[in-house]
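Working notes for the structure below.
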Amino acid sequence: MSAADPLAPPRVRGWKRLPVVRQLRQSVGLQRGMLVTGLVITGLFLLTALLAPFLAPYGYAQLQGADGRNFGAQVPPSAAHPLGTTVGGFDVLSRVIWGAQTALGAIVVAVLLSIVVGVLLGLVSGYFGGWLDRILVVVADAIYAFPTLLLAIVAAIVISGGQSSLGGGILAAAISITVVFIPQYLRVVRSEVVRVKSEAFVESARVIGSSSVRIMVRHVLRNSIRTLPLIITLNASEAILTLAGLGFLGFGIQPTKAAEWGYDLNKSVSDVAAGIWWTSVFPGVAIVLVVLGVTLVGESLNDLSDPRLRSRRRARRAAPAVATEPAP
Amino acid sequence: MTESRVESDAVRIRDLDVTFATDGGDVHAVRDVSLQVRRREVLAIVGESGSGKTVTAKTILRLLPETALTSGAVVLDGTDVLRVSGQRMRELRGTDVAMVFQEPSTALNPVFPVGWQIAEGLRAHARISRAQARTRAVDILRRVGIPDPETRVNYYPHQFSGGQKQRVVIAMALVLNPSVIVADEPTTALDVTVQAEILDLLRRCRDEFGAAVVLITHNMGVVADLADRVSVMYEGRVVETAPVEELFSAPREEYTRRLLAAVPRLTLAAKPAPVGQARRTGGEAIVAAHGLVIEYPGRLAQKAFRAVDDVDFDINAGEVLGLVGESGSGKSTIGRAIAGLTRVTDGSLAVFGTELRGAGERRLRPLRRDIGFVFQDPATSFNPLFTIAQAIAEPLLVHGAASGAAAARGRVDELLEQVQLPGAFGDRFPHELSGGQRQRASLARALALDPKLLIADEPTSALDVSVQARVLELFAELQQRLGFACLFITHDLAVVDQVAHRVVVLHRGRIAEQGPTPEVLGAPRDPDTRRLLASLPVPDPREQAARRAARLAAESRRP
């Protein structure tokens, strides 16, 4: 049935058409709850990361208070250190707050890098096809076959020799994550491009005489990236886990260069047996919360983008009536 | 709950109201519809797309999605299907009411043999053995006219042709002897010759199997051929219900009259001579094909598929050449080859004197300035993210006729006016236009650079008849005024009769016949053309009955 009926919805313009905002307006019930929860957690995470210098009582590598005395190692939560201190003598609260900044940096760089490269490769691969497409897809599949963390470790060692500064550390982590993510973007964009390529409007652009580059950029690309917001959110949470995993295994960032949750968890392993809970719980909770928040956003975006999974408000009934049940 | 009472009606629909919850708010699809389907009767429900005819029919099987809200009553053999339990509804489906879908290739599961699929319905309702189910499947396949059913019961859907697949779907519907069969556009996806056979079979469903048929269609020819009574629906309401002869000869409602007037008919009137020819005397043909062969490369071990085989034709300046044929006859392939979308395998195809065989994209680009293309489906031929104005401006920008979207706007408004769309439509997105408006915008885009040749590939087959009539009128008027040559590809002989100066009839990639339109359609020499014409249902029940008898007589004479 054609979409153009007189009852077509009024056109939505401006900021209301932006990806997440549109879905938020569209959602109802449980799906809305999930999306809102995810957005709140993600928003808190973003705020914490951006405002870390103001929120954190101490620096991430600070070992002494203003009075010049050391904090001391493994101090239980107190007024001076609400979440205690680590085995290395850092303030846990400060490390957790500063860690958000590192995590955000890694996510942004990793997602940006993998989107740019992945989308570009996917577009070229899907549009032109042929031997280039074959090679790219085989390489992508080969990367899939590796355990991602192992690949990230190899990349981290190659890039930075394993240990490094804040910029270098984030970049190393981000690049190693990128290597793992590019195949995902490539495959998703490629399959969309292959679908869009055969649509009549692309043929009509060819008949008009548009060049391949113009068709790819103006017609195909913008119609092929609908699913990207979803993949970005899912990859963001995966990026945090990979970064934390790298840090936990000792391939992350030096504690004096930046705060990193995975590193702190690694150092707190021996504390757990000694009954020192505060060094491990808070970085752990931070990781779980951020991953949860971002995943909730991603999952609800996924459901909302699929008309079959999206729940809607019931039709208003004019008279007492019997609702039809779905066909078995 | 049982049919112990003698019911005169197979289905009685009373005050049916259906509302759908959609993203854009509630859609009131069916309003206050009351209908009766008598036993052994074919009731046709006709109307434009969006008129609620399919929703009404699907309610009989309660096949509406979860988002639908219904009120009223649909009484099937004394049972109100809107009120029974899911369990009881499952029992009713198949035994009391069955459905025949529009697209036979998607209604069958491709991974199971057809016999298994027929047996599945049987075994859902009765405990019978595999052997018994198989016997009944073979039996029903024979009765719907599948030759050699003992072997073919084990065939998979892809081993049948489109028409045979539809026969299998009808067999599945008939196997439990339902009292009502709902057929949703059962012949729309089929060629006219196959359509005629399927309509004969549906008639037998009524005569031999004693089923009532609810026929949903937008094709008035099909209605005239098969229906006993007709209900006309418009915007969710039943406008008029009448016996078929009465409806066609004396329609009561204004809407019915308009609908009937819009149906294209074969008139066989000669067209005025092409305007361009007088102007450009002695000019060579715009398109000249000689011994044209187009093949689609086969995969691995398979042979290449020859879609067009040794075809000769010309299109002169200012002339409309109609290209007709069944699906798979190669008519679209020829259009695509002229536009440079498909490669020429052999022979010669010259467009504006340039040989296309072996031509690369570089040589094609200057030609494209002079070729406009109107696609079949206006819904997909526009980039959904562009406004209509942007889409129409694309050819101007690509060929440097305008420096930017703003500079092109003047010309775009001019073009929109030419196709009788308000200039404000330029700021809308394609999904905000109706099918007919979109196809007019598509025409505007094709005409943006004042092409010498327009290729129209089934431009009206996705449109409702009333919309089709207006688009065809507009097309004829523009062609007269602007004098472009046109290749008009269609499967509808009545449409081609209306627009084309000359006709080429294709049959399996070869030309069956070509010549001036009134000659070819009025006195066809080729048997394939004759068969095509005989199968075309005319929107007049009495004439159609006579034609049907003549066709059946001719077929029985043939071995």
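Taken over the stretch B:137-153, the criterion of being farther than 20 Å from B:Gly210 by Cβ and surrounded by 13 or more Cβ atoms within 10 Å (Cβ to Cβ) is satisfied by B:Ala137, B:Val138, B:Ile146, B:Pro149, B:Arg152, B:Val153. For the stretch B:49-76, taking the residues that are facing another protein chain (nearest Cβ under 7 Å) and in contact with a Phe, Trp or Tyr (Cβ under 9 Å, 6 or more places away or on another chain), the one that is nearest to B:Arg88 (Cα to Cα) is identified as B:Leu64.
Listed here are the helices (runs of 4 or more DSSP H) enclosed by the stretch B:460-559 that have at least 1 residues being in contact with a Leu (Cβ under 8 Å, 6 or more places away or on another chain): B:465-482, B:493-499, B:517-522, B:527-535. Within the set B:Val33, B:Val18, B:Val11, B:Val46, the sole residue that is touching a Ser or Thr at 6+ places or on another chain (Cβ under 9 Å), buried (at least 19 other Cβ atoms within 10 Å of the Cβ) and within 13 Å of another protein chain (Cβ to nearest Cβ) turns out to be B:Val18. Against the conditions (1) without any contact (Cβ under 8 Å) to a residue 60 or more places away in the chain; (2) part of a loop (DSSP other than H, G, I, E, B); (3) within 13 Å of chain A (Cβ to nearest Cβ), B:Ala448 satisfies every one except (1). A single member of B:Ala359, B:Ala337, B:Ala285 is out of contact with any helix residue (DSSP H, G or I) (no Cβ under 8 Å at 6 or more places or on another chain), part of a loop (DSSP other than H, G, I, E, B) and within 14 Å of chain A (Cβ to nearest Cβ), and it is B:Ala359. Taking into account only those residues within the stretch B:421-445 that are buried (at least 21 other Cβ atoms within 10 Å of the Cβ) and assigned to a loop (DSSP other than H, G, I, E, B), which is modelled with the highest pLDDT? Only one residue fits best here, namely B:Leu421. Restricting attention to the stretch A:197-207, does a residue exist that is in contact with a helix residue (DSSP H, G or I) (Cβ under 7 Å, 6 or more places away or on another chain), open to solvent by 50 Å² or more (accessible area, probe 1.4 Å) and farther than 30 Å from B:Asp377 by Cβ? There is no residue in the stretch A:197-207 that is in contact with a helix residue (DSSP H, G or I) (Cβ under 7 Å, 6 or more places away or on another chain), open to solvent by 50 Å² or more (accessible area, probe 1.4 Å) and farther than 30 Å from B:Asp377 by Cβ.
Within the stretch B:108-127, the set of residues being open to solvent by less than 40 Å² (accessible area, probe 1.4 Å) and of a type outside the set (S, T, N, Q) comprises B:Leu108, B:Pro113, B:Val114, B:Gly115, B:Ile118, B:Ala119, B:Gly121, B:Leu122. Filtering B:Arg542, B:Arg502, B:Arg530, B:Arg508 for residues that are free of Cβ contacts under 8 Å to residues at least 60 places away in the same chain and not assigned by TED's automatic domain parsing to the domain that holds B:Ala261 leaves a single hit, B:Arg530. The set of residues from the stretch B:506-529 being under 21 Å from the mean Cα position of the chain (by Cα) and open to solvent by 60 Å² or more (accessible area, probe 1.4 Å) comprises just one member, B:Arg508.
The values are calculated or read from the model by the stated rules, or taken from the named source; none is laboratory data. These figures come from a predicted structure and were not determined experimentally. As a convention, Cβ positions derive from the backbone with ideal geometry for all residues, glycine included, and neighbour counts pool all protein chains shown. Only protein heavy atoms, including side chains, enter the accessible area calculation; ligands, DNA and RNA are left aside. Shrake-Rupley method; radii C 1.70, N 1.55, O 1.52, S 1.80 Å.
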